[in-house]
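Single-structure report; data block below.
The values are calculated or read from the model by the stated rules, or taken from the named source; none is laboratory data. None of the values given here were measured: they were computed from a predicted structure. Ideal geometry is used to build each Cβ from the backbone, glycine not excepted, and the neighbour counts take in all protein chains shown.
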Amino acid sequence: MQRLFFILMMLFASVAIAQTDSSDLVDEDEDSFEWLKGDMNEDQEFGIRLGTNTTTMLGGELDNPRPMFGLNGAVYYRKKVSPKNAFQLDLAVSLRGSNFDNPVGKYNKLVTYYLDLPITWVRSINANNSSHFIAGLQYSHLLNTSIFINPNTVAENEKPKLKPNDVLLVAGTQFYGGFVGFQIVAKYGLLNINNGLISGLNPLFKNKDIHNFVLEINLLF
């Protein structure tokens, strides 16, 4: 958790420095919050994305998966390539995983910490370029994992084995009103991330697939 917050702080500090440098080029008479406007009328845009997510783990390996609430944050860069189209690159960290409706003595929660790199196509869908459809792919690298056996946490040397890399399909929409944008996006893991979990895990290991599923609701600055 400390590593996650450290990375978040570094990302947001980088954007703050970049915005401070760019503000020197802005006319003094312009609104000091002009850089927060996120429509696609600028050739390029830097910003911050902060939000929550609802996640779970699909596939046949894990028993009785249930949604889990997590957090995510990112810095992003968007480059306009035509009047209605742009590409966006994010650098993000996210806390996600899944709850499980299993009885005492069996696993009931699996938490993962990821470094994410989404690359998306952004398509404007209204006249003033303030509403967008987004679609693309996200590369995710696993930073850490924890599993909870109801009602206790498993020791760090017994953390579950998941594959470190994942690729997720991304689709959603976003719109800007005033100075703040709103985004809702769904992500589905295309790769099986099961790497053996834990020997003797109860319910027992079945050698089947595990796929990440994420639904994010974000604010864009």
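Report yes if residue 218 is assigned to a strand (DSSP E or B) and surrounded by fewer than 16 Cβ atoms within 10 Å (Cβ to Cβ), otherwise no. When the stated conditions are applied, residue 218 does not pass them.
When residues in the range 111-125 are screened for being of a type outside the set (D, E, K, R), within 28 Å of residue 79 (Cβ to Cβ) and either under 14 Å from the mean Cα position of the chain (by Cα) or modelled with pLDDT under 90 (or both), 6 of them pass. One residue is enough: does the range 159-182 have a residue meeting the conditions among the small types (Gly, Ala, Ser), part of a loop (DSSP other than H, G, I, E, B) and modelled with pLDDT under 90? Yes - at least one qualifying residue is present in the range 159-182.
Can you pull out every residue in the range 100-150 that is within 30 Å of residue 65 (Cα to Cα) and among the charged types (D, E, K, R)?
Within the range 100-150, 101, 106, 109, 116 meet the criteria.
For every residue, the table says whether it meets (1) more than 16 Å from residue 166 (Cα to Cα); (2) of a type in the set (A, V, I, L, M); (3) at pLDDT 95 or above.
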{"position": "48", "(1), (2), (3)": "yes, yes, no"}
{"position": "52", "(1), (2), (3)": "yes, no, yes"}
{"position": "64", "(1), (2), (3)": "yes, no, no"}
{"position": "78", "(1), (2), (3)": "yes, no, no"}
{"position": "84", "(1), (2), (3)": "yes, no, no"}
{"position": "89", "(1), (2), (3)": "yes, yes, yes"}
{"position": "102", "(1), (2), (3)": "yes, no, no"}
{"position": "106", "(1), (2), (3)": "yes, no, no"}
{"position": "109", "(1), (2), (3)": "yes, no, no"}
